[in-house]
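> I have a structure I would like to understand better, so I am pasting it below and will then ask my questions one at a time.
Read-outs: derived from the displayed coordinates by stated rules, not from any lab. Computed from a prediction, not measured in an experiment: that's the story for all the values here. Glycine also receives a Cβ, built like all others from the backbone with ideal geometry; neighbour counts cover every protein chain displayed.
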Amino acid sequence: MVIQQIARIEDYFNYLQQNPSEIDALFKDLIIRMTGFFRDPEAFDILKDRIINHILKNKEPGSTVRAWVAGCSTGEEAYSLAMVFAEAMTELDRHFNIQIFATDIDEDSIKYARAGVYPLSIAADVSTERLLNFFAKNDNAYKIKPRLREMIIFAVHSLVKDPPFSRLGLISCRNLLIYMDSELQQKILHLFHYSLRQGGLLFLGSSETTRKFTGLFTPIDKRWSLYKHKGISSNYSSVHSNETMRNLSEQERNAEVKTDRKGPDMERLIEKKLIEEYVPACVVTNKMHEIVYSRGNIGRYLELPSGKANFNILKMVRKDLRLELRTMLYKAAKEQKKIVHKGLRIKVNSGFEDINLIVEPVSEPEFFKGHMTVYFEEAGQTGKVTSVMTKRASGKKTAPPPSDLEDKVRSMEDNLEIITEELEKCNKDLILKSEEMRGVNEELQSANEELQTSREELQSTNEELLSVNAQLQEKIEELTRSNNDLSNLFSSSEIGTIFLDINLCIRRFTPSVTRLFNLKETDIGRPLHHFSTNILYSDLIKDAGDLLNTLRVKEIEVQSKDGAWYIMSIVPYRTIENVVDGVVITFFDITGRKKAGAEIIKAHEFSRAVLNSINEAVSIINVKDLRIGDCNSSFLQHLGVKREDVIGKTCYEVTHHARNKMQCIKGDGLCPIDDTLRTGDHVIVEHIHYQKDGKKVYVEVSASPIRNEDGEIHQVVHVARDITERKLIEEEYRKTIEKLKKQLNEMKKKKR
């Protein structure tokens with residue numbers, strides 16, 4: 001009604017009539033789907049033992065075993081029962097044809113159960129062994145294997161309207177009866193008793209019981225509500241009709257049920273009494289005048305009334321005896337002695353017969369106190385009045401003797417007196433009951449007003465609780481999401497973290513930190529110094545304690561026993577209110593970085609050694625600012641400068657301050673760096689410079705580009721080689737050639 005914004009129940013009723021889909025929605029909201037695999041595992045262990053001993057052990061291999069799971073919801077309970085049967089057959093090493101009927105009133109739940117696909121979270125309720133044996137795991141779900149699925153037949157079924165299954169060895173109906181009233185529980189338990197075989201098992205929820213129906217079931221395990229089917233005695237089904245039980249008071253009903261269910265064998269005791277002395281046809285009645293036993297030919301005196309079956313003797317006795325029998329039963333109960341009325345005349349067929357009517361209280365044993373024995377004793381034939389005699393009398397009745405009339409008058413007076421006493425007693429009881437009811441009615445009215453007030457208060461409180469509950473639900477969902485995010489962060493993070501409280505006890509930790517500390521989930525709450533560590537650092541606890549006193553963050557590189565390196569950081573644990581409530585210790589693995597740094601240093605030393613072994617002057621020029629990033633020793637010797645005077649300086653600054661000034665200045669066309677940057681290729685140029693003493697020196701300068709990962713030139717290798725000797729040899733060679741050519745020309749002239 002809140003969802004549809006309807007205030008009055010009458011309006012919502014009209015809305016239901018106009019919108020059939022709302023009826024389905026309302027029905028689905030009323031259905032409770034609280035179920036799971038192996039709820040109360042100990043109960044299923046006991047059930048498994050009883051299945052082996054009571055159902056399977058005495059059956060022939062290959063025979064059929066039928067079971068019923070009533071109210072199966074989404075099927076977890078039915079599949080749990082199927083797994084129990086499968087394991088029981090494995091233990092017995094015998095195969096049976098298991099048929100489990102799983103029913104529920106909700107069609108959507110049955111469709112879900114038929115599919116047999118459940119989320120990965122069922123691993124919390126189902127053991128690993130059962131998951132391997134009975135489930136096939138997909139990417140994100142578990143699916144029931146076919147051999148288990150074939151045991152179960154799912155169907156939409158109403159316990160109240162639809163006919164039950166029969167010839168069952170086991171019925172499981174857990175936590176369904178608790179949602180029903182007593183009358184419906186009684187109906188369903190009678191239905192279950194009908195469906196079970198003799199000795200079959202009934203498996204209920206831990207909060208359910210059959211204590212009101214001890215005539216139907218015998219408890220096997222009261223704690224887990226496991227019961228065994230038992231037969232009903234004839235007394236239970238024939239004597240206590242529903243109408244009779246409704247007419248009894250609570251005390252009498254309990255007494256009657258106790259008499260018929262738990263008392264000694266009534267037939268055996270009465271037979272013993274009748275054997276001791278000769279008795280005519282008789283019946284035994286209880287306090288309510290219901291016949292509980294009969295003997296002899298009582299058809300002449302009793303007849304079954306028309307309509308609903310009724311075993312009250314005052315309803316069944318012939319009209320000729322009804323008034324006298326009522327009086328005698330009253331006197332016998334009041335005086336507790338045998339009452340005899342001789343010579344009662346009853347009409348039999350076309351004549352009359354005299355009988356002696358005897359009513360005797362049953363005093364022994366104590367258990368039957370309050371019961372009455374009614375004897376119908378023949379007093380001899382009084383002569384039949386035939387049809388001919390009747391005709392001769394011309395339709396006139398024969399007047400009885402005067403003595404009979406006097407007896408009848410006395411009997412009528414006694415009956416009238418008894419009826420008068422009963423009427424006066426009933427009137428007094430009615431007056432008292434009326435006064436009591438009036439007082440009770442006033443109390444009920446007062447209580448009703450108080451309840452109405454309480455109801456309004458409860459309704460207001462309920463609305464507040466609903467609002468608070470909705471807010472709490474949102475907070476719980478938000479907290480669940482945060483916990484899930486935090487758990488995933490911890491699981492995926494390679495940073496080992498330990499959260500400590502103010503006493504340095506473990507509050508939480510990430511999985512990665514277990515490589516350094518031998519921690520388990522059960523260790524939360526224990527002091528950190530109780531655990532051994534793989535870190536080669538002994539002042540961890542001391543540093544954590546100093547942090548709480550000084551709030552000074554500490555970060556240090558530490559090494560583990562297996563050679564790994566970590567940056568250990570110790571910082572305060574602060575709450576949202578910025579209150580220090582503990583310590584956070586993190587371990588960041590830098591083993592790879594350490595190894596890479598060592599490799600870089602090693603490679604740098606190797607390249608330095610190679611660079612220094614080259615005789616040419618080599619320098620590394622950064623393209624961004626044309627400053628020298630590195631050089632070899634030949635470069636320093638060639639220029640006659642120190643290393644600190646070169647690194648970070650431009651080529652012009654170095655050559656300008658050197659002893660021997662080189663004509664390699666940016667922009668003068670002699671430096672190959674510009675050509676290399678322009679063309680991106682290896683460039684070689686030659687130039688001449690003069691020393692202070694005027695000596696001419698030939699130098700070959702080359703530039704080679706160094707590219708980064710993007711293919712861009714970021715450094716240039718600048719190499720200067722002294723080629724003076726080669727140039728002098730070339731010049732000498734050129735002069736010699738020219739001289740030879742000259743001589744050759746002179747010789748040619750002389751020949752001419």
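> For Leu536 and Ile46, compute 0.36 nm times the residue count separating them, minus their Cα-Cα distance, and round to one decimal in nm.
Here the answer is 171.0 nm.
> Please check the chain for the longest run free of chymotrypsin sites (Phe, Trp or Tyr not before Pro) that are loop-located per DSSP (anything but H, G, I, E, B) and have at most 16 other Cβ atoms within 10 Å. Mind showing how you got there, number by number?
Details: sites that count: Tyr278, Phe531, Tyr537.
Value returned for the longest uninterrupted segment is 1-277.
> Follow-up question, since we're still on this one. List the GluC sites (Glu not before Pro) within segment 507-586 that fall in a DSSP loop (any state other than H, G, I, E or B) and whose Cβ has at most 14 other Cβ atoms within 10 Å.
Counting only loop positions with at most 14 other Cβ atoms within 10 Å, the GluC sites (Glu not before Pro) in segment 507-586 are Glu577.
> Neighbour counts of other C-beta atoms within 10 Å: give me Cys505, Cys631, Cys72 arranged from fewest to most.
Arranged by neighbour count, lowest to highest, Cys505, Cys631, Cys72 become Cys505, Cys631, Cys72.
> Right, another one. About the Cα centre of the chain, how large is the charge dipole given +1 on each Lys and Arg Cβ and -1 on each Asp and Glu Cβ? Please answer in debye to the nearest 20. Kindly include the intermediate steps, with their values, before the conclusion.
Working: 109 positive and 112 negative charges, 746 e Å.
About 3580 debye.
> Run the numbers for Asn462 and Lys749: contour at 0.36 nm per residue of separation, minus the present Cα-Cα distance, in nm.
89.7 nm
> Any idea how far the Cα center of segment 719-752 sits from the one of segment 340-356, in Å?
178
> Checking the table Lys649/Lys727; Lys338/Lys369; Lys315/Lys342; Lys695/Lys727; Lys334/Lys425; Lys337/Lys369 against a 20 Å threshold on Cα-Cα, which pairs fail?
Lys649/Lys727; Lys315/Lys342
> Also, quick follow-up: Given the options Cys173, Leu444, Val317, identify the residue whose Cα lies farthest towards the positive end of the charge dipole of the chain (+1 on Cβ of Lys, Arg; -1 on Cβ of Asp, Glu).
Towards the positive end, the residue furthest out is Cys173.
> A further question on this structure: Nearest 20 debye, what's the magnitude of the dipole of segment 493-594 about its Cα centre given +1 on Lys and Arg Cβ and -1 on Asp and Glu Cβ?
Details: 12 positive and 13 negative charges, 25 e Å.
In total the dipole reaches around 120 debye.
> Per residue of segment 622-630, in order, report the coupling 6.51 cos²θ - 1.76 cosθ + 1.60 (Karplus, θ = phi - 60°) as ³J(HN,Hα) in whole Hz, putting x for Gly and Pro.
Here the 3J(HN,Hα) series is 6, 5, 4, 10, 6, 9, 6, x, 7 Hz.
> Arrange Met1, Met288, Met83 by Cβ neighbour counts within 10 Å, fewest through most, would you?
Values: Met1 12, Met288 15, Met83 23.
Lowest to highest Cβ neighbour count: Met1, Met288, Met83.
> If you don't mind, another one. Along its three principal axes, how long is segment 34-232 when you only count alpha carbons? Whole Å, largest extent first please.
Per principal axis, max minus min of the Cα coordinates gives 52, 37, 29 Å.
> Can you work out the base-10 log of I(q)/I(0) for the chain at q = 0.05, 0.08 1/Å, using the Debye formula on its C-alpha atoms alone?
Here the Debye-derived log intensity ratios amount to -0.64, -1.03.
> Please list 3J(HN,Hα) in residue order for segment 300-315, calculated via the Karplus relation 6.51 cos²θ - 1.76 cosθ + 1.60 where θ = phi - 60°; whole Hz, with x for glycine and proline.
Each residue of segment 300-315 in turn: 6, 10, 10, 8, 6, x, 6, x, 5, 4, 9, 9, 6, 5, 6, 8 Hz.
> Okay, moving on. Stretch Arg593-Met437 to full length: gain in nm at 0.36 nm per residue minus the Cα-Cα span?
Fully extending the segment from Arg593 to Met437 adds 46.8 nm.
> From largest to smallest, what semi-axes in whole angstrom does segment 1-149 give when each is the square root of 5 times an eigenvalue of its alpha carbon gyration tensor? Don't jump to the answer; show the numbers that get you there.
On the way: eigenvalues 300, 64, 35 Å².
Over the Cα atoms of segment 1-149, the ellipsoid semi-axes are 39, 18, 13 Å.
> Would you please report the Å³ per residue occupied by the convex hull of the alpha carbon atoms in segment 493-594?
Residue-normalised Cα hull volume stands at 103 Å³.
> Simple spin-label model, 7 Å along Cα-to-Cβ: Ile419 to Gln471 in nm?
7.5
> Pop the C-beta distance of Ser492 and Asn578 into the FRET formula with R0 = 41 Å and round what comes out to the nearest 0.05.
0.90
> Could you work out how far apart the two model spin labels at Met180 and Ile737 are, taking each label as a point 7 Å from the Cα in the direction of the beta carbon, and quote it in nm?
Between Met180 and Ile737, the label points sit 12.2 nm apart.
> Another question about this same structure. Applying the Karplus parametrisation 6.51 cos²θ - 1.76 cosθ + 1.60 with θ = phi - 60° to the phi angles of segment 188-201, what ³J(HN,Hα) value in whole Hz is obtained for each residue in order, glycine and proline being reported as x?
5, 5, 5, 5, 5, 5, 5, 6, 7, 6, 4, x, x, 9
> Restricting to Cα pairs below 8 Å that are 6+ residues apart, what does the relative contact order work out to for the chain? Please round to a whole percent.
On the way: 996 pairs, mean separation 32.9, N = 752.
After rounding, I find 4 percent.
> Can you list the aspartates and glutamates whose alpha carbon sits under 18 Å from that of Lys187, skipping same-chain ones fewer than 8 residues off?
Asp104, Asp162, Glu208, Glu243
> Sticking with this one: Set Lys and Arg Cβ to +1 and Asp and Glu Cβ to -1, take the dipole of the chain about its Cα centre, and tell me which of His604, Ala67, Leu639 lies farthest positive.
After comparing all options, I get Leu639.
> Report, to the nearest 10°, how far helix 402-492 tilts away from the longest principal axis of the Cα atoms in the chain, using its own Cα long axis and a range of 0 to 90°.
Once rounded, the angle reads 0 degrees.
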